[in-house]
Amino acid sequence: MNAAVVGGGAVGLSTALALARRGASVTLFERDTLGSGASGRAAGLCYDAFADDVDAAVAADALGRYRDLGLFEPQPYGWVARDESDATAVREQIAQMQSNGVAVEALTPAALGDRYPALDTSGIEVAGLARDAGVLDPDEVVATLAEQARADGATIETETPVSLTSPTTVETPSETRTFDAVVAAAGPETKPLVADIGVSLALKTYRAQALVTEPVDATLPSFYDATREFYWRPKADALLLGDGAHEVDPMDWNPDADAEFVTRSLDRVEQTSALTPACDRAWAGLCTATPDGAPLAGQVADGLWVATGWQGHGLMRAPAMGDYLAADVLNRPSPLSEHLPDRVDPTRFDGSEEFAALDDPTRDWVE
Ligand SMILES: Cc1cc2nc3c(=O)[nH]c(=O)nc-3n(C[C@H](O)[C@H](O)[C@H](O)COP(=O)(O)OP(=O)(O)OC[C@H]3O[C@@H](n4cnc5c(N)ncnc54)[C@H](O)[C@@H]3O)c2cc1C
């Protein structure tokens with residue numbers, strides 16, 4: 001099997017690694033540098049706190065692989081609700097997660113405050129705490145996946161933008177090559193890439209923002225406020241905060257964060273803790289969305305697979321989905337092939353669907 005992967009983000013690199021480990025001859029093409037898309041801009045949250053059993057199975061598989069790669073740093077993930085309807089949803093999620101075997105507990109605001117004294121728990125109705133959650137360093141993820149893929153024989157060509165002239169024919173600025181299989185994991189660009197050969201994807205793009213504060217002196221969990229709709233994670237001795245998602249044209253967007261996002265995020269830290277940090281750096285990146293919130297990961301034409309539509313969860317899922325895709329390309333079983341095919345089949349849509357990128361319910365848990 002001679003396979004090409006388009007896109008050097010976490011998903012493309014994971015797929016290339018898994019294909020190489022399963023014995024395929026792999027060439028990965030990245031138009032820019034590795035991690036230059038969403039993967040290098042991600043917050044790095046990585047958790048198993050999913051109420052849905054398929055999402056939980058993907059998360060368990062991915063977290064195991066990140067642990068094996070030495071990339072997973074344990075960090076509890078807490079999430080809170082401040083009004084009755086959000087609180088009811090959080091309580092239901094916790095019960096469902098527990099029935100899926102996820103190590104998560106419901107905490108009263110007082111118990112949360114005892115555990116994390118720097119948190120201001122006033123106004124919080126209920127909290128969930130996922131004990132086996134963690135964080136990733138996106139740059140380390142990209143570098144390690146690339147190093148391992150190369151060690152397993154994959155060829156990685158950066159600064160090499162490609163287009164498709166048939167499902168299995170890749171055109172670079174210097175040559176045209178035909179493969180047995182092509183996996184397009186090009187983030188938002190996957191849509192125009194496969195549109196050139198007549199495949200229409202139900203995919204929208206939204207812009208998410210993040211910032212890192214100056215150092216703070218506090219022990220905090222990763223945290224999502226479901227009512228105020230923002231998150232943070234501890235990053236070294238600082239906090240990384242995120243929210244501010246809105247639909248954009250992937251060809252025309254601003255990679256710098258908005259001043260208004262920075263002000264709002266710092267205000268939220270002050271409202272939710274005893275901290276008043278300043279902003280050290282801020283940025284924006286692109287995420288992809290589908291009509292039902294599940295990714296598009298599978299075959300779309302003879303010899304052509306796509307992997308996109310991660311709804312802000314692509315980094316944490318990458319090693320599990322890369323292995324699933326590699327197995328699918330090679331027509332072999334994977335730990336997820338029992339759970340996933342129908343859920344993620346890209347042909348469940350015909351590409352003409354009208355939908356709003358940010359209507360997806362799963363998006364509520366991370367931008
Ligand atoms: C601010 C922010 C915070 C986030 N936080 C989290 C988080 O905490 N946890 C989480 O799991 N996810 C998070 N995400 C989402 C996550 O970053 C993405 O889901 C994930 O990185 C997608 O990986 P990917 O490999 O599919 O795409 P990308 O990383 O975007 O990679 C696609 C690559 O394809 C390349 N490419 C495009 N077109 C071509 C072409 N024609 N030829 C060759 N190469 C091409 C691009 O240059 C790019 O490098 C966040 C995203 C943002 C923006």
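Applying the selection to the stretch 317-347, what residues are open to solvent by 10 Å² or more (accessible area, probe 1.4 Å), among the small types (Gly, Ala, Ser) and assigned to a helix (DSSP H, G or I)?
Within the stretch 317-347, no residue meets the criteria.
Among the residues of the stretch 157-182, what is the count of those that are surrounded by fewer than 20 Cβ atoms within 10 Å (Cβ to Cβ) and either under 22 Å from the mean Cα position of the chain (by Cα) or touching a residue at least 40 places away in the same chain (Cβ under 8 Å) (or both)? Don't jump to the end; show me each part of the working.
Step one: filter the stretch 157-182 for residues surrounded by fewer than 20 Cβ atoms within 10 Å (Cβ to Cβ), giving 157-161, 163, 165-166, 169, 171-178, 180.
Cutting the leftovers down to either under 22 Å from the mean Cα position of the chain (by Cα) or touching a residue at least 40 places away in the same chain (Cβ under 8 Å) (or both) gives us 157-161, 172, 177, 180.
Result for the stretch 157-182: 8.
Which strands (runs of 3 or more DSSP E) sit wholly inside the stretch 204-316 and have at least 1 residues that are out of contact with any Lys or Arg (no Cβ under 7 Å at 6 or more places or on another chain) and surrounded by fewer than 17 Cβ atoms within 10 Å (Cβ to Cβ)?
It comes to 279-289.
What residue, of Leu286, Leu275, Leu266, Leu220, is closer than 30 Å to Asp328 by Cα and among the hydrophobic types (A, V, I, L, M, F, W, C)?
Leu286
Of everything in the stretch 182-203, what is assigned to a strand (DSSP E or B) and either near the ligand (Cβ under 8 Å from one of its atoms) or over 29 Å from Asp256 (Cβ atoms) (or both)? Give them in sequence order.
Taking the stretch 182-203 as the starting set, the residues that turn out to be assigned to a strand (DSSP E or B) are 182-184.
Listed by number, the residues that qualify are Val182, Val183.
Could you give me the residue pairs with C-beta distances under 6 Å whose first residue belongs to the stretch 11-30 and is more than 19 Å from Val170 (Cα to Cα), whose second residue is of a type in the set (S, T, N, Q) wherever it lies, and which are 6+ apart or on separate chains?
Leu17/Gln148
Quick check on this structure: which one of Arg67, Arg41 is near the ligand (Cβ under 9 Å from one of its atoms) and closer than 23 Å to Val135 by Cβ?
Among Arg67, Arg41, only Arg41 is near the ligand (Cβ under 9 Å from one of its atoms) and closer than 23 Å to Val135 by Cβ.
Quick one: is Gly309 within 30 Å of Ala24 (Cα to Cα) and in contact with a Pro (Cβ under 9 Å, 6 or more places away or on another chain)? Step through it out loud before you land on a result.
Values: within 30 Å of Ala24 (Cα to Cα): yes; in contact with a Pro (Cβ under 9 Å, 6 or more places away or on another chain): yes.
Criteria met by Gly309.
Of all residues in the stretch 25-41, which are open to solvent by less than 30 Å² (accessible area, probe 1.4 Å) and in a loop (DSSP other than H, G, I, E, B)?
Correct list: Glu30, Gly35.
Identify all residues within the stretch 1-24 that are open to solvent by 10 Å² or more (accessible area, probe 1.4 Å), part of a helix (DSSP H, G or I) and more than 10 Å from Ala326 (Cα to Cα); write none if there are none.
Residue satisfying the conditions is Val11 alone.
Quickly run through the stretch 129-156 and pick out the residues that are crowded, with 17+ Cβ neighbours inside 10 Å, within 21 Å of the chain's Cα centre (by Cα) and among the small types (Gly, Ala, Ser).
Ala130, Ala133, Gly134, Ala146, Ala149
If only one of Pro341, Pro333 is without any contact (Cβ under 8 Å) to a residue 60 or more places away in the chain, away from the ligand (no atom under 11 Å from the Cβ), within 20 Å of the chain's Cα centre (by Cα) and farther than 22 Å from Leu193 by Cβ, which one is it?
Details: Pro333 fails: within 20 Å of the chain's Cα centre (by Cα).
Testing whether each residue is without any contact (Cβ under 8 Å) to a residue 60 or more places away in the chain, away from the ligand (no atom under 11 Å from the Cβ), within 20 Å of the chain's Cα centre (by Cα) and farther than 22 Å from Leu193 by Cβ leaves just Pro341.
Which one of Ala110, Ala81, Ala89 is surrounded by 18 or more Cβ atoms within 10 Å (Cβ to Cβ) and not hydroxyl-bearing (Ser, Thr, Tyr)?
Details: Ala110 fails: surrounded by 18 or more Cβ atoms within 10 Å (Cβ to Cβ); Ala89 fails: surrounded by 18 or more Cβ atoms within 10 Å (Cβ to Cβ).
It is Ala81.
So Ala56 clears everything in (1) open to solvent by 20 Å² or more (accessible area, probe 1.4 Å); (2) away from the ligand (no atom under 12 Å from the Cβ) except one condition, right? Which one?
Ala56 satisfies all of (1) open to solvent by 20 Å² or more (accessible area, probe 1.4 Å); (2) away from the ligand (no atom under 12 Å from the Cβ) except (1).
What number of residues in the stretch 138-163 are more than 11 Å from the ligand (Cβ to nearest atom) and in a loop (DSSP other than H, G, I, E, B)?
Number of matching residues: 3.
The values are calculated or read from the model by the stated rules, or taken from the named source; none is laboratory data. Nothing here was measured: the structure is a model prediction, and the numbers come from that model. Every residue, glycine among them, receives a Cβ derived from its backbone with ideal geometry; neighbour counts consider all protein chains shown. What goes into the accessible areas is simple: the full protein's heavy atoms, side chains included, and nothing from ligands, DNA or RNA. Shrake-Rupley method; radii C 1.70, N 1.55, O 1.52, S 1.80 Å.
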